[in-house]
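A quick write-up on the structure given underneath.
The values are calculated or read from the model by the stated rules, or taken from the named source; none is laboratory data. Computed from a predicted structure; not experimentally measured. A quick note on method: Cβ atoms are made from the backbone with ideal geometry, for glycine too, and the neighbour counts reach across all protein chains shown. Surface accessibility is based on the protein's heavy atoms, side chains included, excluding ligands, DNA and RNA. Shrake-Rupley method; radii C 1.70, N 1.55, O 1.52, S 1.80 Å.
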Amino acid sequence: QLDPFYASIILFVGRAWDAITDPMVGFFISKTPWTRLGRLIPWIIFSTPFAVISYFLIWFVPDISRGQVMWYLIFYCIFQTLVTCFHVPYSALTMFISREQSERDSATAYRMTVEVLGTVLGTAIQGQIVGQVITPCIESPFFIGKTNSSVAMEELNMTRDTGSLTDTRNAYMIAAGVIVGLYILCAVILSVGVQEKRESSELQSDEPVSFFQGLKLVMNHGAYIKLIAGFLFTSLAFMVSTAHLASDRSLPSTEDRVPLFGQLSATLTIPLWQWFLTRFGKKTAVYVGISSAIPFLIMVAVLDSNLIVTYVVAIAAGVSVAAAFLLPWSMLPDVIDDFKLQHPDSHGHEAIFFSFYVFFTKFTSGVSLGISTLSLDFAGYQTRGCSQPNEVNFTLKMLVSAVPVGLILLGLLLFKLYPIDEEKRRKNKKALQDLREESNSSSESDNTELASIV
């Protein structure tokens, strides 16, 4: 029941706060001493209890007449910080499982499959619990007689708002409780089931590097900048389009099922894209996978709205979403390997690379929600309205078709500038192996010399 403007402010401020916390958490992780549980797992264990409490309070409606905006803003920022303390080490674990590129790619495919599956599960839980409570729409005063419009609106507010909003609030609290339970369960499985391998990545730095020095090194790496820039625009395209596919008022009430079909499609096709990138290369998979959504997005603008078109576009978007989210995460370890070859004396920056990647993931989500709320607000969207102005329907079509297509084309252009192709990957792999063998032989000779002296 917040004004859309204040909701947008909360989202944008929360993402701006992320811009500070993500790289900072990445830097602190890189400086964390090794423990018997590892370097990353302790962050996941200790952040989980506080994260679930803050998430639950995001959905709690405080019994205060003023200050609700500050309540949600504060707990939203706290939750974003704690999710960063979970997600950055969770994502960076890929670099601490193995040194082999093929094994890292496989681990990334498994991780992204289960992440999308978790999104499907969360959508289903939230949709089923909240969907049980039907909040009645409110007729516009336009369609109520002018002579009794104020009386009718007052009756609507008294009879509908009190009961329906109480039930809706309770439903959201129950859904939050269930998801909190899943959060804790997944954190326990991760902490118990995954073991960090200290030797998988050279985290120990001979000379400590300050935060700004490490940040400068990472952000000056051209391959990394081009990758995250392409990732930013393509992710934003799919988030904007899929968020509005189910919002067409000319369709039946399928708001819970349309996103579900798209997410299921993404889950099932991630293994396909894993095979494709192994067979044809990652850059080729990016071009084919992401661009395949463009014809279906154009269908939304050209064809009249109907249920079949919506489901076809949702499934096709899911196939491309799988490529758009798997491939950049799969390409990130290649960028880190390339960075290590260019800066062989600089170690321990893996968490900073991943922290900025996590930031851009959450940043695109926030921007897409901000674009949505502001665009619909400017178009005259009526909250809980039974009917919407024509400007709202036109805005929805643009958000589903024209805007995502433009963002996808821009993202693909940036991926074209990405310099690490399959030949470059093979050269980097061989160079890293030679570097490690040289380092091991040097270490062995030093030990032999020390033994002879003793």
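Can we say PHE75 is loosely packed, with under 15 Cβ neighbours inside 10 Å and at pLDDT 90 or above? Give the steps one after another, and end with the answer.
Working: loosely packed, with under 15 Cβ neighbours inside 10 Å: no; at pLDDT 90 or above: yes.
Taking the combined requirement at face value, the residue does not satisfy it.
Quick test of your reading of the structure: THR108 fulfils all but one of (1) within 14 Å of PRO333 (Cα to Cα); (2) crowded, with 19+ Cβ neighbours inside 10 Å; (3) touching an Asp or Glu at 6+ places or on another chain (Cβ under 9 Å). Name the failing condition by number.
Unmet for THR108, out of (1) within 14 Å of PRO333 (Cα to Cα); (2) crowded, with 19+ Cβ neighbours inside 10 Å; (3) touching an Asp or Glu at 6+ places or on another chain (Cβ under 9 Å): (3).
Rundown of residues vs (1) modelled with pLDDT of 85 or more; (2) not aromatic (Phe, Trp, Tyr), yes/no style:
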position	(1), (2)
THR254	no, yes
PHE261	no, no
LEU264	no, yes
ASP304	no, yes
VAL312	no, yes
ASP334	yes, yes
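Kindly indicate whether THR21 is among the polar types (S, T, N, Q) and over 26 Å from ILE179 (Cα atoms). I'd like the intermediate steps shown before the answer.
On the way: among the polar types (S, T, N, Q): yes; over 26 Å from ILE179 (Cα atoms): no.
No; evaluated as a whole, the condition is false for this residue.
Please indicate, with yes or no, whether at least one residue in the range 9-28 is more than 18 Å from the chain's Cα centre (by Cα) and in a loop (DSSP other than H, G, I, E, B).
No - not one qualifying residue is present in the range 9-28.
In the range 84-105, how many are open to solvent by 30 Å² or more (accessible area, probe 1.4 Å), within 23 Å of THR267 (Cβ to Cβ) and either out of contact with any Leu (no Cβ under 8 Å at 6 or more places or on another chain) or small (Gly, Ala, Ser) (or both)? Let's see the steps before the verdict.
Of the residues in the range 84-105, the ones open to solvent by 30 Å² or more (accessible area, probe 1.4 Å) are 86-87, 90, 97, 99-100, 102-103.
From what's left, within 23 Å of THR267 (Cβ to Cβ): 86-87, 90, 97, 102-103.
Still in the running and either out of contact with any Leu (no Cβ under 8 Å at 6 or more places or on another chain) or small (Gly, Ala, Ser) (or both): 86-87, 97, 102-103.
The total comes to 5.
Restricting to the range 274-298, name every residue that is within 16 Å of PHE238 (Cβ to Cβ) and part of a helix (DSSP H, G or I). Can you show your working first?
Let us first name the residues in the range 274-298 that are within 16 Å of PHE238 (Cβ to Cβ), namely 285-298.
Within the range 274-298, ALA285, VAL286, TYR287, VAL288, GLY289, ILE290, SER291, ILE294, PRO295, PHE296, LEU297, ILE298 qualify.
Going by what's in this entry, would ARG169 be described as open to solvent by 80 Å² or more (accessible area, probe 1.4 Å) and modelled with pLDDT under 85?
Numbers: open to solvent by 80 Å² or more (accessible area, probe 1.4 Å): yes; modelled with pLDDT under 85: no.
Taking the combined requirement at face value, the residue does not satisfy it.
When you look at ILE58, is it open to solvent by less than 40 Å² (accessible area, probe 1.4 Å) and more than 25 Å from GLN1 (Cα to Cα), yes or no? Steps first, please.
Numbers: open to solvent by less than 40 Å² (accessible area, probe 1.4 Å): yes; more than 25 Å from GLN1 (Cα to Cα): no.
Judged against the criteria, ILE58 is not a match.
Conditions: (1) modelled with pLDDT of 85 or more; (2) acidic (Asp, Glu); (3) over 30 Å from LEU272 (Cβ atoms). ASP3 meets all but one. Number of the miss?
ASP3 satisfies all of (1) modelled with pLDDT of 85 or more; (2) acidic (Asp, Glu); (3) over 30 Å from LEU272 (Cβ atoms) except (1).
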